[in-house]
Amino acid sequence: MKLLKILQYPNKNLRKNSKPVKEVNKYIQNIVDQMFYTMISENGIGLSGIQVNIPLQIITILDTKKFNKKITIINPKIIKKKKKILKIEGCLSFPNQQAIVPRYKYLEIEALNYFGKNIKIYAKSLLSICIQHEIDHLSGKLFIDHLSTLKKNIIKKKIEKINKKICKQKLINN
């Protein structure tokens, strides 16, 4: 199985809008399989296509409440959302960064599954938050966009510091 490269902030491609999948076929299923492999290898519970530089409306989620059940969500549409909550979130595109983000506790979506069948998902708590986070990615929205300017700038500075450190290390090793 191929491990896909996860785009890291501030990569501009993370801000791209994802296109709907026209047909779920072997090619799309292969992308989904690679996304699950990558996400699990990186200890994530959610991943969107755009995070691996595939601008298609594809989301993979690991439902940790149901014994790591794999959930494939293609072309999602939010039908209902209710009861705002605040929870700590992280993101594979922002290594080692977390922040409290407002989300909805309950969510209902319609989408296609791994086999291209229409599905409805009724999610609550962590699953709801994860789905909302990944749906944001599909429209180029990042979790830091939900934060105050101050908190957003703190995370940006931490990322810049980490990136400078990585660049210095690469220069030393070469």
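Every number here is computed from the coordinates shown, using simple stated rules; none is lab data. Since the model is a prediction, treat every value here as computed from it, not as a measurement. With ideal geometry, Cβ positions are generated from the backbone for all residues, glycine too; neighbour counts draw on all protein chains shown.
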Fill in the blank from the handout: Given 4 °C, 1.567 mPa s and a Kirkwood radius over Cα pairs, the Stokes-Einstein diffusion coefficient of the chain in µm²/s is 77
Fill in the blank from the handout: Place a point 7 Å from the Cα of Lys165 in the direction of its beta carbon; the residues of region 78-103 whose amide N falls under 20 Å from it are 90-99
Completion exercise
Measuring from the longest principal axis of the C-alpha atoms of the chain, the long axis of helix 125-138 (C-alpha) lies at a number of degrees, nearest 10, equal to 70
Exercise for the section: Within 10 Å of each residue's Cβ, count the other Cβ atoms and sort Ile73, Ile109 from fewest upward. Expected result: Ile109, Ile73
Practice task
Output the relative contact order of region 1-70, whole-number percent, from Cα pairs under 8 angstrom with separation of 6+ residues.
Solution key: 37
Exercise for the section: Can you check what the Kirkwood hydrodynamic radius comes to for region 80-174, Cα pairs only, in Å to one decimal? Expected result: 15.4
Practice task
Pull out the extension gain between Lys82 and Phe115, defined as 0.36 nm times the separation in residues minus the alpha carbon to alpha carbon distance; nm, one decimal.
Solution key: 9.0 nm
Fill in the blank from the handout: Tilt, helix 26-41 to longest principal axis of the chain (alpha-carbon atoms), in degrees rounded to tens, equals 50
Practice task
Let me have the relative contact order for the chain, percent, based on Cα pairs under 8 Å that are six or more residues apart.
Solution key: 22
Problem - Under 11 Å from the Ile40 label point (7 Å along Cα→beta-carbon), backbone N, region 60-75 - result: 62, 68-71
Fill in the blank from the handout: With Cα coordinates, the longest principal axis of the chain makes an angle with the long axis of helix 149-173, in degrees rounded to 10, of 60
